Amino acid sequence: MSREKTNNQIQIKNRRATFDYELLETFTAGMVLTGTEIKSIRLGKASLVDAYCLVERRELWIKNMYVAEYFYGTYNNHPTRRDRKLLLNRKEIRKMESAAQNSGFTLIPVRLFINDRGLAKVVVAIARGKKEYDKRDSLRERDDRREMDRAFKK
């Protein structure tokens, strides 16, 4: 018997990250989660706002990521903003650690999704903070693109 895979459309994005930071390189990492956490994420009850990543003792951690408590998870429920370990290979962790130690660079979670095997994955980017004038340029480009789309549709 072949089991049909459901096409899971969970895509939780950190929109603020692309506005505040210039993303230089991205990595896809797995996450170590408890049972109630993955159930909440599959329901779309998570947020990457205010979340950041940190390398401690050659391990990558995501801090301050919000995962709502699972409605049916009685006393087994998880803390909503606990630190969660991210799974990458050693070479990628070393690369991220060296980039994060440089001044002006940080590790930002950009997107949280469920892959086709049902596992939660996080896209983490090495990012550099944008200056105020860069943010204005981003807004101007977005407005120009919107105007061009409107003119094209008419």
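The values are calculated or read from the model by the stated rules, or taken from the named source; none is laboratory data. Remember, predicted model here, so these are calculated numbers, not experimental data. Cβ: placed from backbone, ideal geometry, glycine included. Neighbour counts: every protein chain shown. Note: accessible area is taken over every heavy atom of the protein model, side chains too, but ligands, DNA and RNA are not part of it. Shrake-Rupley method; radii C 1.70, N 1.55, O 1.52, S 1.80 Å.
To keep it simple, each residue is scored yes or no on (1) closer than 14 Å to residue 114 by Cβ; (2) surrounded by fewer than 18 Cβ atoms within 10 Å (Cβ to Cβ); (3) among the charged types (D, E, K, R).
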site: 9; (1), (2), (3): yes, yes, no
site: 26; (1), (2), (3): no, yes, no
site: 41; (1), (2), (3): yes, no, no
site: 56; (1), (2), (3): no, yes, yes
site: 75; (1), (2), (3): no, yes, no
site: 79; (1), (2), (3): no, yes, no
site: 93; (1), (2), (3): no, no, no
site: 98; (1), (2), (3): no, yes, no
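Taking residues in region 97-116 that are over 17 Å from residue 21 (Cα atoms), and partners anywhere that are in a helix (DSSP H, G or I) and open to solvent by 50 Å² or more (accessible area, probe 1.4 Å), the pairs with Cβ atoms closer than 8 Å and at least 6 places apart or on different chains are 114/42. Within region 111-134, being open to solvent by 40 Å² or more (accessible area, probe 1.4 Å) and either among the aliphatic types (A, V, I, L, M) or assigned to a helix (DSSP H, G or I) (or both) holds for 119, 132, 133, 134. Report, ordered by the first and then the second residue, all pairs with beta carbons closer than 8 Å, sequence separation of six or more or different chains, a first member in region 135-154 that is part of a helix (DSSP H, G or I), and a second member that is open to solvent by less than 80 Å² (accessible area, probe 1.4 Å) and of a type in the set (A, V, I, L, M, F, W, C). That search, which allows pairs on different chains as well, returns 135/19; 138/19. Only residues that are over 15 Å from residue 80 (Cβ atoms), among the aliphatic types (A, V, I, L, M) and not in a loop (DSSP other than H, G, I, E, B) were counted in region 32-51, giving 0.
Within region 58-96, the set of residues being part of a strand (DSSP E or B) and either free of Cβ contacts under 8 Å to residues at least 24 places away in the same chain or β-branched (Val, Ile, Thr) (or both) comprises 62, 63, 66, 67.
Close Cβ contacts (under 8 Å, 6 or more residues apart or on different chains) running from residues in region 34-50 that are within 9 Å of residue 10 (Cβ to Cβ) to residues that are part of a helix (DSSP H, G or I) and open to solvent by less than 20 Å² (accessible area, probe 1.4 Å) comprise 46/40.
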